[in-house]
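For reference, the structure is listed below as structure tokens.
The values are calculated or read from the model by the stated rules, or taken from the named source; none is laboratory data. None of the values given here were measured: they were computed from a predicted structure. Reconstructed Cβ throughout: ideal geometry from the backbone, glycine too, with neighbour counts over all protein chains shown. The area values use the complete protein model at the heavy-atom level, side chains included, leaving out ligands, DNA and RNA. Shrake-Rupley method; radii C 1.70, N 1.55, O 1.52, S 1.80 Å.
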Amino acid sequence: QVQYVESGGGLVQVGGSLRLSCAASGFTFSSYPMRWYRQAPGKEREVVARIESTGESTVYAASAKGRFTISRDNTKNMVFLQMNSLKPDDTAVYYCTARLGNYWGQGTQVTVSS
């Protein structure tokens, strides 16, 4: 069964940094691109970043470009999101996914206070 366990969120001040981690299981992790999504209160879930299966190619939403870095460790079945220069608009629950079926983890809450 596909499972995701996200961690690393928390409360941070504007301009601060956080590193999110996601442990994935139940599928051949190294074969799939991975994405980080986020969902803010009252808003649709949106993609933040994507990384190819080998880690050689990444794509970012405009809101994340230049501030966030997605990476992965295929030896540990993990994907990461380094978030710098955080803004209040980054406040959301963050999820990782390989987009295999409709499986989602519990997410990790990121709150940026001004």
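Quickly run through segment 28-79 and pick out the residues that are touching a Phe, Trp or Tyr at 6+ places or on another chain (Cβ under 9 Å) and of a type in the set (Phe, Trp, Tyr).
Once the filter is applied, which keeps residues that are touching a Phe, Trp or Tyr at 6+ places or on another chain (Cβ under 9 Å) and of a type in the set (Phe, Trp, Tyr), segment 28-79 yields Trp36, Tyr37, Tyr60, Phe68.
Can you tell which of Ser21, Ser53, Ser30 is at pLDDT 95 or above, within 23 Å of Val2 (Cβ to Cβ), out of contact with any Asp or Glu (no Cβ under 9 Å at 6 or more places or on another chain) and open to solvent by less than 40 Å² (accessible area, probe 1.4 Å)? Reasoning before the result, please.
On the way: Ser21 fails: out of contact with any Asp or Glu (no Cβ under 9 Å at 6 or more places or on another chain); Ser30 fails: open to solvent by less than 40 Å² (accessible area, probe 1.4 Å).
Only one candidate passes the filter, namely Ser53.
Filter segment 1-17 down to the residues that are in a loop (DSSP other than H, G, I, E, B) and modelled with pLDDT of 95 or more, then identify the one that is nearest to Arg72 (Cα to Cα). Step through it out loud before you land on a result.
First pass over segment 1-17, keeping only residues in a loop (DSSP other than H, G, I, E, B): 1-2, 8-9, 14-17.
Next cut, modelled with pLDDT of 95 or more only: 2, 8-9, 14-17.
Working: Val2: 17, Gly8: 15, Gly9: 17, Val14: 26, Gly15: 24, Gly16: 22, Ser17: 18 Å.
Step by step, filter segment 1-17, then rank; the result is Gly8.
Check whether at least one residue in segment 69-77 is farther than 16 Å from Gln3 by Cα, touching a Gly at 6+ places or on another chain (Cβ under 9 Å), among the hydroxyl-bearing types (Ser, Thr, Tyr) and surrounded by 15 or more Cβ atoms within 10 Å (Cβ to Cβ), and report yes or no.
Checked segment 69-77: at least one residue is farther than 16 Å from Gln3 by Cα, touching a Gly at 6+ places or on another chain (Cβ under 9 Å), among the hydroxyl-bearing types (Ser, Thr, Tyr) and surrounded by 15 or more Cβ atoms within 10 Å (Cβ to Cβ).
Just to be sure I understand the filter: pairs with C-beta atoms under 7 Å, separated by 6 or more residues or on different chains, first member in segment 50-77 and acidic (Asp, Glu), second member open to solvent by less than 60 Å² (accessible area, probe 1.4 Å). Which pairs pass?
Glu52/Pro33
Could you give every pair whose Cβ atoms fall below 6 Å, whose first residue belongs to segment 95-114 and is over 22 Å from Ser71 (Cβ atoms), and whose second residue is exposed (fewer than 13 other Cβ atoms within 10 Å of the Cβ), counting only separations of at least 6 or pairs across chains?
The qualifying pairs are Thr111/Leu11; Ser113/Gln13; Ser114/Val14; Ser114/Pro88.
Evaluate the following for Ala40: is it touching a residue at least 24 places away in the same chain (Cβ under 8 Å), small (Gly, Ala, Ser) and buried (at least 19 other Cβ atoms within 10 Å of the Cβ)? Spell out the reasoning first.
Numbers: touching a residue at least 24 places away in the same chain (Cβ under 8 Å): yes; small (Gly, Ala, Ser): yes; buried (at least 19 other Cβ atoms within 10 Å of the Cβ): no.
For Ala40, the condition - touching a residue at least 24 places away in the same chain (Cβ under 8 Å), small (Gly, Ala, Ser) and buried (at least 19 other Cβ atoms within 10 Å of the Cβ) - is not met.
Within segment 61-71, can you find the residues that are over 11 Å from the mean Cα position of the chain (by Cα) and either at pLDDT below 95 or not small (Gly, Ala, Ser) (or both)?
Lys65, Arg67
From the list Leu20, Leu100, Leu86, Leu81, pick out the single residue that is in a loop (DSSP other than H, G, I, E, B) and within 15 Å of the chain's Cα centre (by Cα). Steps first, please.
Values: Leu20 fails: in a loop (DSSP other than H, G, I, E, B); Leu100 fails: within 15 Å of the chain's Cα centre (by Cα); Leu81 fails: in a loop (DSSP other than H, G, I, E, B).
None of the other options fit; the residue is Leu86.
Tally up the residues in segment 74-111 that are in contact with a Cys (Cβ under 6 Å, 6 or more places away or on another chain) and not β-branched (Val, Ile, Thr), please.
As a first pass, look at segment 74-111 and keep what is in contact with a Cys (Cβ under 6 Å, 6 or more places away or on another chain): 79, 96.
Retained after the next criterion (residues that are not β-branched (Val, Ile, Thr)): 96.
Summing the residues that are in contact with a Cys (Cβ under 6 Å, 6 or more places away or on another chain) and not β-branched (Val, Ile, Thr) in segment 74-111 gives 1.
Considering only segment 78-102, state which residues are open to solvent by 50 Å² or more (accessible area, probe 1.4 Å) and either modelled with pLDDT of 95 or more or among the hydrophobic types (A, V, I, L, M, F, W, C) (or both).
Selection gives Gln82, Asn84, Ser85, Lys87, Pro88, Asp89.
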